[in-house]
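J.: My structure is below; once you've seen it, I'll send some questions.
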Amino acid sequence: MNSSAKMEQIEVLRVELEVLKREHRDLDEAIHALQERGSSDMFTIRRLKKQKLQLKDQISRLEDRIFPDIIA
């Protein structure tokens, strides 16, 4: 893979990363709003928290691909 193609791939990964981070923030805000209301369904909150954790895992995997650990 030439450096130009690799740079394009990294840019695509960065865009995906930003989309996932935005989704993660949106879920966080939705969970917070439901909890503030107090009358929310705990099952719904639990489901949203699970989705948020899955997004966090996806974010971590993408960040590892974009910024690999380099041990000097």
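Where a number appears in this text, it was derived from the coordinates with a stated rule and is not lab data. On a predicted model such as this, the values are computed, not experimentally measured, just so you know. Positions of Cβ are backbone-derived with ideal geometry, glycine not excepted, and every protein chain shown enters the neighbour counts.
J.: Suppose we keep only residues that are without any contact (Cβ under 8 Å) to a residue 24 or more places away in the chain, of a type in the set (A, V, I, L, M, F, W, C) and part of a helix (DSSP H, G or I) within region 46-72. Which one would you say is nearest to M7 (Cα to Cα)?
T.: Among them, the one singled out is L53.
J.: Does D26 meet the test of being surrounded by 11 or more Cβ atoms within 10 Å (Cβ to Cβ) and of a type outside the set (A, V, I, L, M)?
T.: yes
J.: Restricting to region 58-72, give me the number of residues that are of a type in the set (D, E) and surrounded by 10 or more Cβ atoms within 10 Å (Cβ to Cβ).
T.: Of the residues in that region, 2 qualify.
J.: Kindly indicate whether any position in region 36-45 is in a helix (DSSP H, G or I), exposed (fewer than 12 other Cβ atoms within 10 Å of the Cβ) and either within 21 Å of the chain's Cα centre (by Cα) or of a type in the set (S, T, N, Q) (or both).
T.: no
J.: Another question, then. For region 15-33, indicate whether the set of residues that are assigned to a loop (DSSP other than H, G, I, E, B) and either in contact with a helix residue (DSSP H, G or I) (Cβ under 9 Å, 6 or more places away or on another chain) or under 13 Å from E63 (Cα atoms) (or both) is non-empty.
T.: Among the residues of region 15-33, not one is assigned to a loop (DSSP other than H, G, I, E, B) and either in contact with a helix residue (DSSP H, G or I) (Cβ under 9 Å, 6 or more places away or on another chain) or under 13 Å from E63 (Cα atoms) (or both), which makes the answer no.
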